[in-house]
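Here's the structure, in structure tokens; my notes come after.
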Amino acid sequence: MNASQRLFLALLISIEIAVTKSVTLNLTLFGMFFILLLCQRIKFKRLGFYIAVSILPTLGTFWSFYLFGIGGAFERMHTGMIMGSRIMLFVFVSAWLTNSVTPSVLLHSLQQNLKLSPTFIYGLLAALNFVPRFKDAFKSIQASANMRGQSLSWYQPTIYFKALIQAINWSETVAMAMTAHGFQEGASRSSFKRYPYKKSGFAVIAAALFATVVLLNFSQY
């Protein structure tokens, strides 16, 4: 599967999870994506981070529906397990997607496969590339304030206002650079690398959806 097809699969499974009520399906899909993450040779530290991020909202959601839900104890426990397992599954579906493709590859693939505006895609890429520079900008602004005898903390609006001014200057620089490289809105552009759809990718998507439907029909819990 190419990057766009991976995104389609993640979205379709997420929608299916959101509209169905099956603990068996949720746990089966969770196990599948957990194994897929291991096959991607993900670092155990990063895997532990995903588990830590998902465990608190999962437990909180389960106990909320179990303690304050409607119906008997079994119905409330079933609803809590459905909602709790959904959250953990959403986290691991997203983890599988983000670890299998980079943001740059995904955006270029979507631009080619869905015929999105190159201006929009390159604007997103520029914003992603500016994220590390924002961190350096915050440190530079704080250091400059300390040299003048001022202390700027992360919760003060002043530091964000100064960073916003730098972001505006960066956006003007990016616009000038794109114009200098012959980038024009609506003009046809060539691609350094192509990301075509793969027939095998659509076969995997169809097989995965068919398997979830079959499992959903035969699962009783």
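Every number in this text was worked out from the coordinates using simple rules, so none of it is lab data. Everything numeric here is computed off the predicted structure, so don't read it as measured data. Backbone-built Cβ (ideal geometry, glycine too); neighbour counts: all protein chains shown.
Could you say whether any residue in the stretch 2-21 is farther than 30 Å from Lys199 by Cβ, in contact (Cβ under 8 Å) with a residue 12 or more places away in the chain and not in a helix (DSSP H, G or I)? Yes: one or more hits. You will find that of Ala180, Ala175, Ala143, the residue that is surrounded by 13 or more Cβ atoms within 10 Å (Cβ to Cβ) and either over 30 Å from Met32 (Cα atoms) or of a type in the set (D, E, K, R) (or both) is Ala175 and no other. Across the stretch 5-56, the number of residues qualifying as over 23 Å from Ser219 (Cβ atoms), buried (at least 17 other Cβ atoms within 10 Å of the Cβ) and either polar (S, T, N, Q) or more than 18 Å from the chain's Cα centre (by Cα) (or both) comes to 1.
Would you confirm whether or not the stretch 147-158 contains a residue that is of a type in the set (Gly, Ala, Ser) and either within 23 Å of Leu107 (Cβ to Cβ) or touching a strand residue (DSSP E or B) at 6+ places or on another chain (Cβ under 8 Å) (or both)?
Keep residues of the stretch 147-158 that are of a type in the set (Gly, Ala, Ser), which gives 149, 151, 153.
After this cut, where a residue has to be either within 23 Å of Leu107 (Cβ to Cβ) or touching a strand residue (DSSP E or B) at 6+ places or on another chain (Cβ under 8 Å) (or both) as well, the list is none.
Within the stretch 147-158, not a single residue is of a type in the set (Gly, Ala, Ser) and either within 23 Å of Leu107 (Cβ to Cβ) or touching a strand residue (DSSP E or B) at 6+ places or on another chain (Cβ under 8 Å) (or both).
Could you tell me which residue of the stretch 105-139 is surrounded by the fewest Cβ atoms within 10 Å (Cβ to Cβ), considering only residues that are hydroxyl-bearing (Ser, Thr, Tyr) and in a helix (DSSP H, G or I)? Once the filter is applied, the top-ranked residue is Thr119.
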